[in-house]
Amino acid sequence: MAHDARRRVRWGGVALLGYHGIIVAMLLVMFWHFAAAPWWLRVLFLWIGLVLAGRLEAILHWTTHFPVFRSPALNLVHRLSFCIMPSPAIWYRYLHFHHHRFNNGASDATSTVAGHEKIHASIWSYLGLSLRDLHVRQFFEQMKPRHRAECILSFALTVMLTTWLAVLDWRAAVLFWAPVTWIGSILMVAIYNYTDHVPSVPDDPYRYATYVPLDSGYLRFLSWLDLHNISTHLTHHRAPGIYWTELPRQQAAWQNEYRRRNAPISDALNSTILFNPVAFVRMLHRVNSRRNLLSRGDASRSLTASAPN
């Protein structure tokens, strides 16, 4: 059994590295062809790039919890490879462990809760706040000296990469690369943090995050594409030490209890992952409109997730 667990961890790490490489390659290919593409294909490239930016954060999430390599030096190089996004991986590590400490409560810097009220801010105000207040200084000051140096190096690499791409093709850099990696990556991370915790009840051990029952082959397929980030978020918060490939198994063991406790079901596991913009817009509308149903005591309505699309 221990051997099987080590094998799953090894192949899980290989999957994360491969997925990472595919996403970076796709972004660079779209950058290279952006200038010559017709306007409608440019719009499509932007949309695909935004979705891929969200998937890149899913990879960063798991490698933050479970570094891929045994060597600290290799893990450092791997963290720096996320420099296509302006938020350094080491900064994300401090932010994310802070998030786990407070579980979206009022003391969480990334909380969806509005002020000290146990209600959720609208997704639009939350996204605006995510762009205005990045908490850079807060977590930079908490870092160990070597992590501060890594944070500065990572951001410098981001600037150098963007500058180099601008030299190659300034139009593609301004119209594609910067919107996707500098702005889009921040927005997509904020959107999925929101959907991972809305609707919910802060401080309730079974209802402070969302999950998705993986009751169909289609949902299981989408969950694998998402690396189980959306579908098992509540389970991950309750058991952050369980490796990402094992979370669906653990969730299945707890699922009856989730249903009994009225744990909220996420709307976010849908064909947005397959680049469907209609599913994305529907998700944003639905999660925003029902964000406080649990807080108002209407648990039955809030648990009825929309059909996957």
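The values are calculated or read from the model by the stated rules, or taken from the named source; none is laboratory data. Just so it is clear, the structure is predicted and the values come from calculations on it, not from any experiment. Neighbour counts run over all protein chains shown; Cβ positions are idealised from the backbone, glycine included. Side chains included, ligands, DNA and RNA excluded: accessible areas come from the protein's heavy atoms. Shrake-Rupley method; radii C 1.70, N 1.55, O 1.52, S 1.80 Å.
Listed values, structure above:
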quantity: Candidates 134, 175, filtered to the one that is closer than 24 Å to residue 53 by Cα and at pLDDT below 95; calculated: 134
quantity: Of residues in the stretch 186-218 being among the polar types (S, T, N, Q) and at pLDDT 95 or above, the one farthest from residue 132 (Cα to Cα); calculated: 216
quantity: Members of the stretch 248-278 found to be out of contact with any helix residue (DSSP H, G or I) (no Cβ under 8 Å at 6 or more places or on another chain) and more than 15 Å from residue 50 (Cα to Cα), listed by number; calculated: 249, 252, 253, 255, 256, 257, 259, 260, 261, 265
quantity: Filtered residue count, the stretch 85-124, keeping only those that are among the β-branched types (Val, Ile, Thr), open to solvent by 10 Å² or more (accessible area, probe 1.4 Å) and in a loop (DSSP other than H, G, I, E, B); calculated: 2
quantity: Qualifying positions in the stretch 20-44 - open to solvent by 30 Å² or more (accessible area, probe 1.4 Å) and touching a residue at least 24 places away in the same chain (Cβ under 8 Å); calculated: 24, 26, 32, 35, 42
quantity: Boolean, residue 127 is surrounded by fewer than 19 Cβ atoms within 10 Å (Cβ to Cβ) and not β-branched (Val, Ile, Thr); calculated: yes
quantity: Residues located in the stretch 222-260, provided they are among the β-branched types (Val, Ile, Thr) and open to solvent by 20 Å² or more (accessible area, probe 1.4 Å); calculated: 242, 245
quantity: Qualifying positions in the stretch 58-105 - under 17 Å from residue 157 (Cβ atoms) and touching a Ser or Thr at 6+ places or on another chain (Cβ under 6 Å); calculated: 80, 83, 84, 85, 86, 88, 93
quantity: Search result, residues across the stretch 169-220 that are of a type outside the set (Phe, Trp, Tyr), surrounded by 17 or more Cβ atoms within 10 Å (Cβ to Cβ) and not in a helix (DSSP H, G or I); calculated: 169, 198, 199, 200, 201, 202, 207, 209, 210, 212, 214
quantity: From 134, 161, residue being hydrophobic (A, V, I, L, M, F, W, C) and assigned to a helix (DSSP H, G or I); calculated: 161
